[in-house]
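Asks: Sending over a structure as structure tokens; questions will come in a sec.
Please treat every number below as a calculation from the coordinates, not as lab data. Just so it is clear, the structure is predicted and the values come from calculations on it, not from any experiment. Every residue, glycine among them, receives a Cβ derived from its backbone with ideal geometry; neighbour counts consider all protein chains shown.
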């Protein structure tokens, strides 16, 4: 079974990022998956690409959500990824 790569792009002093962390954690934990966080502050390319959209959830490198994370949509996306 493939394991989706879930990445939450965040930046320092971001109140939306705090809520996004909690949402991603709830969804991934419920599905038995792991995720990682990547700060865009130290990555010029990511900062330029996603500057106005942080926080951003990437699943297998594809942007799936931004600003306020929709937990139901993220769960559906991850279930599809798990199904292959």
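Asks: Just to be sure I understand: with springs between alpha-carbon atoms less than 10 Å apart, which residue in 20, 51, 12 has the highest mean-square fluctuation in the Gaussian network model of the chain?
Replies: Comparing 20, 51, 12 in a Gaussian network model of the chain, the most mobile one is 12.
Asks: Right, something else. Please give the length that would be gained between residue 79 and residue 33 if that part of the chain were fully extended, namely 0.36 nm times their separation in residues minus their C-alpha to C-alpha distance (nm, one decimal).
Replies: Taking 0.36 nm per residue and subtracting the Cα distance, the gain is 15.5 nm.
Asks: Kindly state, to the nearest 0.05, the FRET efficiency for residue 19 paired with residue 49, given R0 = 30 Å and r defined as their beta-carbon distance.
Replies: 0.90
Asks: Running a GNM on the chain with Cα contacts under 10 Å, which residue among 44, 25, 71 ends up with the highest mean-square fluctuation?
Replies: Maximum fluctuation in the GNM of the chain, among the listed residues, is at 44.
Asks: Another question about this same structure. For the chain, set up a Gaussian network in which alpha carbons nearer than 10 Å are linked by springs, and say which option among 45, 68, 34 fluctuates the most.
Replies: 45
Asks: Whole angstrom only: what separates the Cα centroid of region 70-84 from the Cα centroid of region 8-56?
Replies: 17 Å
Asks: Using the alpha-carbon atoms, what tilt in degrees (0 to 90, nearest 10) does helix 15-31 show relative to the longest principal axis of the chain?
Replies: The angle comes out at about 20 degrees.
Asks: In cubic angstrom, how much convex hull volume per residue do the alpha carbon atoms of region 1-79 span?
Replies: 80 Å³
Asks: Next question, about the same structure. Give me the angle, in degrees from 0 to 90, between the Cα long axis of helix 71-83 and the longest principal axis of the Cα atoms of the chain, rounded to the nearest 10.
Replies: Tilt relative to the chain: about 50 degrees.
Asks: Here is a follow-up. Counting DSSP beta bridges in the chain, what percent are antiparallel, to the nearest 5?
Replies: On the way: 8 of 12 bridges.
Counting DSSP beta bridges with both partners in the chain, the antiparallel share is about 65 percent.
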